[in-house]
Every structure is written in C-alpha cells, then in structure tokens.
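As structure tokens, the structure follows; a few thoughts come after it.
The values are calculated or read from the model by the stated rules, or taken from the named source; none is laboratory data. Not measured: the values here are computed from a predicted model. Note: ideal-geometry Cβ built from the backbone for every residue, glycine included; neighbour counts use all protein chains shown. Calculation scope for accessible area: heavy atoms of the full protein, side chains included, ligands and nucleic acids excluded. Shrake-Rupley method; radii C 1.70, N 1.55, O 1.52, S 1.80 Å.
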Amino acid sequence: MAEVLVYVDHVDGAVRKPTLELLTLARRIGDPVAVALGSGAQDTAAVLAEHGAVKVLTADAPEFADYLVVPKVDALQAAYDAVSPAAVLVPSSAEGKEIAARLALRIGSGIITDATDLEAGDEGPVATQSAFAASFTTKSRVSKGTPVITVKPNSAPVESAAAAGTVEALTVSFGASATGTKVVSRTPRESTGRPELTEAAIVVSGGRGVNGAENFHIIEALADSLGAAVGASRAAVDAGWYPHSNQVGQTGKSVSPQLYIANGISGAIQHRAGMQTSKTIVAVNKDAEAPIFDLVDYGIVGDLFQVVPQLTEEVTSRKG
Amino acid sequence: MSLRIVVCVKYVPDATGDRHFADDLTLDRDDVDGLLSELDEYAVEQALQIAGEADDAEITVLTVGPEDAKDALRKALSMGADKAVHVEDDDLHGSDVMGTSLVLAKAIEKTGYDLVVCGMASTDGTMGVLPALLAERLGVPQVTLLSEVSVEGGKVSGRRDGDTASEQLEASLPALVSVTDQSGEARYPSFKGIMAAKKKPVESLDLEDLGLDGDAVGLEGAWTKVDSAAQRPARTAGTIVKDEGEGGKQLAEFLVSQKFI
Ligand SMILES: Cc1cc2nc3c(=O)[nH]c(=O)nc-3n(C[C@H](O)[C@H](O)[C@H](O)COP(=O)(O)OP(=O)(O)OC[C@H]3O[C@@H](n4cnc5c(N)ncnc54)[C@H](O)[C@@H]3O)c2cc1C
Ligand SMILES: Cc1cc2nc3c(=O)[nH]c(=O)nc-3n(C[C@H](O)[C@H](O)[C@H](O)COP(=O)(O)OP(=O)(O)OC[C@H]3O[C@@H](n4cnc5c(N)ncnc54)[C@H](O)[C@@H]3O)c2cc1C
C-alpha cells in the first residue's frame, strides 16, 4: 500500500491528540509513516506504533528549537524525499500550517488547510473543509503534486491499530534559510491542569456577560465539574479577564467539541467561526434576542450568575 | 537609509454579510460588499508604527484582487500608508494560495522592500499560510504571528504566542512579518487622512508587468480543486427556556438526557 507521511506534534516526546487522530485518517489512504522531530522524538515511537504507524522517522538537532519553522520544513522535506509518499498530513496548528505550506511549495504541490475530514478518492484524498464561519461545507482535493493537507483537531476518532512502528533515524541537512529566524527565548505556557481547549470533549466559555476577571471562577467551576476546557470570547479577552490563549473564534482557537456551553456570549460571526461546528451547543444569555440562540440545541434565557452556579451544583451532585 | 515597507492587504467579502460561492465554486463577490480584511488593518497599523520609529520610511500597500479591491488600498492609504500597488488581471480569478503567493512575491520584488508586513490570516480564506509562503518564495526570514513587533538596527524582533509557549524571535532585514490582532488596535482614518489618500499614487500592474503567464494562476493554474460546496443545513430550532429559578436544573436535565453527565 502507498505510504502517507504524518507529521508528529509532540511536546518532549508526549504525542498530542491531534496527531493520533491524523493516524486514523492516514490509514484510510495508506500506511502511515510518522515524522517526529526535536527533543524526545524517539519517545514518541511506542504510542505511534499503537496507533498504526508502520515506521517512525526521527531527527533531533538544536536547530529545531533554536530557529523558527524552517528547520522542520527541511526535515519534513528529507522525509518526503526518503519515502515518496502518496500524501502528507500535518495537524492544523499555526506552526503546522506554516510547515505544511512551505513544504507544499518546495515539492510543487497544492495545499489544503483546516480539513475536518478526509476520505480516499479516485483522484487522491478528498478533504472536507468548512468555509465562511462554517456556513458552508466544501469537498476539495489537491490537483497537482503530492497532496499536502492540514487537519483540524477533533476531526477523527483516535483508534488503536497495532503496527510495526520501526524507528529509523532521518538524515537532515539544513538549508541556508533554516537559521533565518532565531528563537531568542521561550516561555512555556503554564498548565492549568484542564484539558487542552482544541482537544477537549466539552468546552465551557464565558463572554462579556461574565462581567469581570473576578467572576470567571464561576465559569471555571462549571468547567471543572464537567471535566471541560475553559474558553472565552474576544470581548472577555480584550477586557483582560482571561488569557488570549483561551479565546475561541476566528482569531482565537477553533473548537469542535461534543458540547459547547456559551455563557454571556452574544454569538457574533467571528465567535461563531470558532465554535459553530460543535456537536451540541448550549447557551445561557439574559437577552432572548441574542444571535447565539439561533445556534443552540438548548438555551436558557436568564442571568448566568443564577443559572451557572445552579448547573454546577447539579452536575457535581449528580456525578458525586 | 530609508526603510521600505510593503504591507499585503486583502480585499474580502464582509463577514457580516451573506457570503456565498459562485457557480464555478469560487468566491461570489457580487452578492456581498467587500472591504479591507479587518485583520490586515493590524498589519497597516504596525507598519505605521515601525515607520514612525524609523528615520526615514516609506510604506507601500499591495493587493492582488479585482477592480473593487482599490477600496481596500484607499482605506490603508487613508490610515497613513504612502502609496499603493494593485495587481489586477482577469486571469487571476480563482487563484489558490500558491497562485496568489506567486503574484504577491513578484509584485513585492518589483516594488523593492526591506520589510514585508502581512495580517495573520484573511477573513475569507482564513488559511493563515500566505505569509510563510511569501517568505519561502522571497528567500527571507519569516517572523510570523507576532503580537508585538519592533525594528531596530537592521533587525526585526517580536513575540509569538504559540499553543504551548511564547517565543521571542529575531531576524535580520530583509524579512517578512505577520501580526495578530493582539498587536494593538488599528487607528481610524482621520478626515485629513481620507482627503490625503485621494491624492496618493495607486499603481496598477497586470500579469504581464510581473512577467507571469496567465496559466500559472487563476482557476486553471490552481493546484487545488474544489469539487463541491454545500450550505450547511440550518440548525433545527433548539429548545429555549426562560429561567424562572430552575434554569440550571433544567439545563442539567438536558445534559443528562444527552449523556453528558
Ligand atoms: C477581525 C475580527 C476578529 C474577531 N475575532 C473574534 C474571536 O476570535 N472570538 C470572539 O469571540 N470574537 C471575535 N471578534 C469580536 C466579535 O465581533 C464580538 O465583538 C465578540 O465576540 C463579542 O463578545 P461577547 O459575545 O462576549 O460580547 P457581547 O457581544 O457584548 O455580548 C455579551 C452578551 O452577554 C449577555 N449578558 C450580559 N450580562 C449577562 C448576564 N448576567 N447573564 C447572561 N447573559 C448576560 C448579553 O445579553 C450579551 O448577549 C472579532 C472581531 C473582529 C472584527
Ligand atoms: C473559503 C475559501 C477556502 C479556500 N481554501 C483554499 C485551500 O484550501 N487551498 C488553497 O490553495 N487556496 C484556498 N483558497 C484560496 C486562498 O484563500 C486565496 O488564494 C488567497 O488569497 C490566499 O489565502 P488566504 O486568503 O486564506 O490568505 P491567508 O494566508 O489567510 O492570509 C494571510 C495574509 O496574507 C495577505 N494576503 C492574502 N491574500 C492576499 C491578496 N490577495 N492580496 C494581498 N495580500 C493578501 C494578507 O496580509 C493576509 O492577512 C480558499 C479561498 C476561500 C475563499
């Protein structure tokens, strides 16, 4: 069967969930060959093998951490040259998209970003994308070169499928442009202990209606009762009530959880762009006319300061 | 020495309008108003601030788009950019990101630059990859997705807030940067700015001027193909309940019925 390159997103050897989802999709097209770069690359092999990687190509060098994006493009290109795959799949993170795009250009291939599904087709893999704040669903494919496709988190189930996962060292020679952008310093984001926003099955978000950073604990308490991630609207972020890394929407994270609970959020188009594909949508808003109610499966017209703590208490007591 | 800044700005359909695909599965521009992509206003703003700090700087705004895309250039000029370049050609219709980035790269090279500034993503295609592609094509460092940017002593530096870490980046000019909407509110054009913009030069270029063949771009030259576009079915009307004191409990019942609890 044809081989499919899968770029591995990992933190010091811990593979992030979107990569495991990619392996599920890759198996629909061919045999996944995973490419893991940087510190801890070798440690990813076991979990990748459990999820269907027939081979794991690894490389580590200081360049991956010390310079932006390009060294990883050089390495992915080396993997591409070594394997001649039928397709290249990359997780749709900001960095993943940049790596994929530069690779596509180098190998003379088209690129599709932010796919939400992938199937084998007569003329190569067919990608589903959602456009215009998820009001349209398109089916596209790459018509020139080897399809390079980036896939959004939560686009496929994680499935185990034992495979060899043979580890091979990848030889990478860095080009002149690899050291163009220096990473002078790096501050890791502190973990909150809550699930990663884009990967969470449930997201509980707060907007301007939360009315102050000091009130966000109400949103966090509901999230914790449900084991959910916390999101925020741009209005809440711009007001400094919650970190930008938690923003949901066009210029924040795009989430597609099983359940999205919007509290004190009006539902502006830019917010909808980031959450409209959630499976079940629930909103609490005191304004019955708020556009968010056009999207909901279940909505409560009411004061979030009443409704949310009551819901949290119910959830806690039912779970306990 | 003068600092030549080129800002790439895109003319996009208004996101609050009813955006559609046309019969050939490209963007339908007839049914909805166009404007300067709001995220590119941040790019113009940062260019203005960088120029303000420099001894001598000139800002050119550049767009690839149809006739009406001049509106986007005018807006950027009224914010304070010095001149504009508009690449317009019938053969451009339906270009994908590879075609668009090719045309932009040629136009940037023709204009001359020390620094290229882009938005983080367009508000229609929203791919967020064009800046990286431009850097690859131009062979200059990419310093992308910055929430803070400054230029000093022939170097550009900035902060990139990523998924797992926040990074401080640095590169030598010439370079390409893209800025996020965290980089600082964009200014509104003043009346004086709007009047002044009318007198600023807008240069029009076509593919021939850039030495490009029509086959390399447009729908025909695209390396991707959209096979179908379907409007998402409207969500079936959900249950909406007014809180009479039991709203949280009712919501809990719903979550139980959906097996979330
Ligand atoms: C280029 C661009 C990009 C953008 N990107 C994003 C993005 O990524 N994400 C994003 O979210 N926005 C984004 N925006 C901003 C967006 O347009 C809206 O301004 C924003 O989403 C509004 O946030 P909000 O719903 O919290 O606030 P508002 O629109 O002010 O709504 C607050 C809601 O809270 C309700 N409320 C108030 N008090 C209570 C209470 N006690 N109980 C219950 N309900 C209450 C109100 O009825 C109201 O509906 C972007 C805008 C632009 C121009
Ligand atoms: C709904 C939709 C989906 C699409 N999907 C794909 C796809 O999967 N693959 C593909 O190859 N193409 C796709 N395209 C086409 C692609 O969006 C355009 O070719 C394009 O202009 C570049 O991508 P972007 O607008 O998403 O740019 P982004 O990468 O999101 O834009 C980043 C920045 O680049 C600059 N920029 C972008 N376009 C221009 C321009 N025309 N003039 C000046 N500056 C500009 C701006 O500074 C902007 O902020 C899609 C278009 C639409 C409308």
Need one number: buried accessible surface between chains B and A, 1.4 Å probe, both sides summed, DNA, RNA and ligands left out, in Å² to 100. 7000 Å²
Relative contact order of chain B, pairs being alpha-carbon contacts under 8 Å that are 6 or more residues apart, as %: 23 percent
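Need one value for A:148-154: mean number of C-beta atoms belonging to other chains within 10 Å of its residues' C-beta atoms. Don't jump to the answer; show the numbers that get you there.
Details: counts 2, 1, 3, 0, 0, 0, 0.
For this peptide, the per-residue mean of nearby foreign Cβ atoms is 1.
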How much accessible area per residue does the protein assembly as shown have, in Å², with a 1.4 Å probe? 40 Å²
Expressed as a whole number, the average count of other chain Cβ atoms within 10 Å around the Cβ atoms of B:172-185 is 2
Rounded if a/c is under 1.5, else prolate if a/b beats b/c, else oblate: with a ≥ b ≥ c from the C-alpha gyration tensor eigenvalues square-rooted, which is the protein assembly as shown? oblate
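Rounded to the nearest percent, how much of the accessible area of the stretch B:123-210 (1.4 Å probe, protein heavy atoms only) is carbon and sulfur? Write down the numbers at each step before the final one.
On the way: 1960 of 3940 Å².
Roughly 50 percent of what the probe reaches on the stretch B:123-210 is carbon or sulfur.
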In degrees from 0 to 90, rounded to the nearest 10, what is the angle of the helix A:304-319 Cα long axis to the longest principal axis of chain A? 70 degrees
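Out of every Cα pair in the stretch A:178-315, what percent are spaced more than 23 Å from each other?
Details: 2704 of 9453 pairs.
Here the long-distance tail beyond 23 Å is 29 percent of all Cα pairs in the stretch A:178-315.
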Max mean-square fluctuation residue, GNM over chain A, Cα-Cα springs under 10 Å, options A:TYR260, A:TYR298, A:TYR242: A:TYR298
Provide the percentage of antiparallel DSSP beta bridges, counting only those with both residues in the protein assembly as shown; round to the nearest 5. 35 percent
Paramagnetic label zone (point 7 Å from Cα along Cα-to-C-beta, B:LYS83; backbone N under 16 Å) in the stretch B:188-229: B:197-206
If Rh is defined by the Kirkwood formula over all Cα pairs and Rg also comes from Cα, what ratio Rg/Rh do you get for the stretch B:86-180? 0.99
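Under Stokes-Einstein, with the Kirkwood radius over Cα pairs standing in for Rh, what whole-number D in µm²/s applies to the stretch B:1-151 at 10 °C and 1.306 mPa s?
On the way: Rh = 15.6 Å.
Taking Rh from Cα pairs, D becomes 102 µm²/s.
Can you tell me the length gained on complete extension of the stretch A:ALA213 to A:ARG106, counting 0.36 nm per residue apart and subtracting the Cα distance? Kindly include the intermediate steps, with their values, before the conclusion.
Details: separation 107, 0.36 × 107 = 38.52 nm, distance 4.61 nm.
Separation in residues times 0.36 nm, less the Cα-Cα distance, equals 33.9 nm.
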For A:ASP238 and A:SER160 in one chain, what is 0.36 nm times their gap in residues minus the Cα-Cα distance, to one decimal in nm? 24.0 nm
The local net charge around A:SER254, scoring Lys/Arg +1 and Asp/Glu -1 for residues other than A:SER254 whose Cβ lies under 11 Å from its Cβ, equals +2
As a test, work out the antiparallel percent of DSSP beta bridges whose residues both lie in chain B, rounded to the nearest 5. 40 percent
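In what sequence, highest mean first, do B:48-56, A:205-213 appear when ranked by Cβ atoms within 10 angstrom? Present the calculation step by step, with values, prior to reporting the outcome.
Working: B:48-56: 14.3, A:205-213: 21.8.
Per-residue mean Cβ counts within 10 Å order the peptides as A:205-213, B:48-56.
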Taking the 0 to 90 degree range and rounding to the nearest ten, how far is the long axis of helix A:216-226 tilted relative to the main principal axis of chain A, both from C-alpha atoms? 70 degrees
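Shielding by partners for A:310-319, please: the mean number of other protein chain Cβ atoms within 10 Å of each residue's Cβ. The partial results should precede the final answer.
On the way: counts 9, 9, 2, 3, 9, 7, 2, 1, 5, 1.
Taking all residues of A:310-319 together, the mean is 5.
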Label model pair A:GLU289, B:ILE240: point-to-point distance (7 angstrom along the Cα→beta-carbon line) in nm is 1.2 nm
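What is the ratio of the Cα radius of gyration of the stretch A:11-118 to 2.2 N^0.38 Å, with N the residue count, to two decimals? Before the final figure, lay out the partial values.
Working: Rg = 13.0 Å, N = 108, 2.2 N^0.38 = 13.0 Å.
Cα Rg divided by the expected 2.2 N^0.38 Å: 1.00.
Holding the Cα-Cα limit at 29 Å, pick out from A:LYS253/B:LYS106; A:LYS152/A:LYS319; A:LYS55/B:LYS225; A:LYS279/A:LYS319; A:LYS97/A:LYS286; B:LYS75/B:LYS225 the pairs that are longer than that. Display every interim value, and only then the final one.
Numbers: A:LYS253/B:LYS106 33 Å; A:LYS152/A:LYS319 31 Å; A:LYS55/B:LYS225 31 Å; A:LYS279/A:LYS319 22 Å; A:LYS97/A:LYS286 39 Å; B:LYS75/B:LYS225 32 Å.
Violating the 29 Å Cα-Cα cut-off are A:LYS253/B:LYS106; A:LYS152/A:LYS319; A:LYS55/B:LYS225; A:LYS97/A:LYS286; B:LYS75/B:LYS225.
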Pairing the Cα long axis of helix A:70-83 with the longest principal axis of chain A, what angle in degrees results, from 0 to 90 and rounded to the nearest 10? 60 degrees
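Sort the stretch B:145-199 into rounded, prolate or oblate with this rule: let a ≥ b ≥ c be the square roots of the eigenvalues of the Cα gyration tensor; rounded if a/c is under 1.5, and if a/c is not under 1.5, prolate when a/b is larger than b/c, oblate otherwise.
Numbers: a/c = 3.69, a/b = 1.78, b/c = 2.07.
It is oblate, given that a/c is not under 1.5 and a/b is not larger than b/c.
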Where A:SER84, B:SER204 fall by accessible area, highest first, once all protein chains stay in place (1.4 Å): A:SER84, B:SER204
If each K or R counts +1 and each D or E counts -1, the residues other than B:GLU152 whose Cβ falls under 12 Å of its Cβ total -2
Along Cα→Cβ, 7 Å out, is where each label goes; now give me the distance between the ones at A:SER39 and B:VAL256 in nm to one decimal. 4.9 nm
Spatially proximal aspartates and glutamates relative to B:LYS249 (Cα-Cα < 15 Å; intrachain offsets below 8 disregarded): A:ASP303, A:GLU313, A:GLU314
Can you pull the percent of the stretch A:72-211's accessible area that's carbon plus sulfur, 1.4 Å probe, other chains left in place? 47 percent
Hey, rough spin-label estimate for A:GLU119 and A:LYS319, points 7 angstrom out along Cα→Cβ, what's it come to in nanometres? 3.7 nm
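Would you please classify the overall shape of chain B from the alpha carbon gyration tensor, given that a ≥ b ≥ c denote the square roots of the eigenvalues, rounded means a/c under 1.5, and beyond that prolate means a/b larger than b/c while oblate covers the rest?
Details: a/c = 1.90, a/b = 1.45, b/c = 1.31.
It is prolate, given that a/c is not under 1.5 and a/b is the larger ratio.
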Expressed in square angstrom to the nearest 10, the accessible area of A:ASP114 with a 1.4 Å probe stands at 30 Å²
